[in-house]
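Rule-based calculations on the coordinates, nothing more; no lab input. Keep in mind the model is a prediction, meaning the values are calculated, not measured. For neighbour counting, all protein chains shown are included, and Cβ atoms are generated from backbone atoms with ideal geometry for every residue, glycine included.
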Amino acid sequence: MGIRYPQPVLLAAVVLLALASCSPGQSVHTSGSQTGAGAPVVFRAATDDPVVFLTIDDGAVRDPAMISVLKKAQVPASLFLTGDYAVDDPGFFRRLRDEATARIEGHSIDHSDLKGQGFADQKRQICRPARSYTKMFGQRPRLFRPPYGSYDETTLRAAVECGVSHVVLWSAEIKDGKMSFAAADRLRPGDIVLMHFGGAFRENVAEFVRQADRSGLHPALLEEYLR
Ligand SMILES: [Zn+2]
């Protein structure tokens, strides 16, 4: 209750079941890629390696202690930053990227719900941060996460035009120091875990480490598994 899962997760589960008989072991959903026009949507990375991925969203709350928490935990992370927060304090995110192991990715300009918006508006929401992050952080984001996990086919087409290789959702979420799973009761190889820059940051990172250990999995960098 109260946990946000990506809206298409049920549909994706059905798609996965349908795919399971012809492609055992696949765990990447590629909704939208059938036409060749949209970026693939990923809830988990397709890998048998014993790895899990931490992703941290938005950037509204920033505290230098967060940098040492991630550094000490030795947890790599993908930071899906909302443009408005990134431009507020690029120095903080540069430090986080350099002192911990992190990559900076896109999460729209202002965190509006993209689903149902026109192509030009969606493209602006995805492309503008991609351009400004290239200047601010020296690297163009390759991944995009739609705010609220809410997207449509237009989002996937716009993402491709902004140089996005994958639209990234999630398969588990940590909030208030506790993890919720989209399926099963523990992490599985390739799971993508969502948390936010916000309260209980230390507890949330500790919970990620605890759940990874419990499942015999190692934190890894998502970008290295999504090519
Ligand atoms: Zn967000």
Built amide H within the under 5 Å cut-off of HIS218, gap 5+: VAL51, VAL52
Rounded if a/c under 1.5, otherwise prolate or oblate - region 9-224, Cα gyration tensor axes: oblate
Select from ALA86, GLN122, LEU194 the residue farthest towards the positive end of the dipole of region 9-224; place +1 on Cβ of Lys and Arg, -1 on Cβ of Asp and Glu, and compute about the Cα centre. ALA86
Calculate the spin-label point distance for ASP48 paired with VAL209, positioning each point 7 Å from the Cα along the beta-carbon direction, and give it in nanometres. 3.1 nm
Here, SER112 and TYR148, labelled 7 Å along Cα→Cβ, have an inter-label distance in nm of 1.3 nm
With N set to the number of residues, divide the alpha-carbon radius of gyration of region 83-176 by 2.2 N^0.38 Å and report two decimals. 1.07
What percent do you get for the relative contact order of region 71-131 when only Cα pairs under 8 Å and 6+ apart count? 38 percent
Measure out, as a whole number of angstrom, how far apart the alpha-carbon centroids of region 134-160 and region 31-101 sit. 12 Å
Which whole-Hz ³J(HN,Hα) couplings does region 37-54 yield from phi under the Karplus relation 6.51 cos²θ - 1.76 cosθ + 1.60, θ = phi - 60°, glycine and proline marked x? 9, x, 5, x, 9, 10, 9, 9, 8, 7, 7, 9, 5, x, 10, 9, 10, 9
Applying the Karplus parametrisation 6.51 cos²θ - 1.76 cosθ + 1.60 with θ = phi - 60° to the phi angles of region 138-147, what ³J(HN,Hα) value in whole Hz is obtained for each residue in order, glycine and proline being reported as x? x, 8, 7, x, 10, 10, 9, 10, x, x
If amide H atoms are built 1.01 Å from N in the plane of the peptide, which residues on other chains or at least 5 residues away come under 5 Å of the amide H of THR101? ALA77
For region 45-105, rounded, prolate or oblate, judged on the Cα gyration tensor with a ≥ b ≥ c (square roots of eigenvalues), a/c < 1.5 rounded, else prolate if a/b > b/c? oblate
Relative contact order computed over region 9-224 (Cα-Cα under 8 Å; 6+ residues apart), in percent: 28 percent
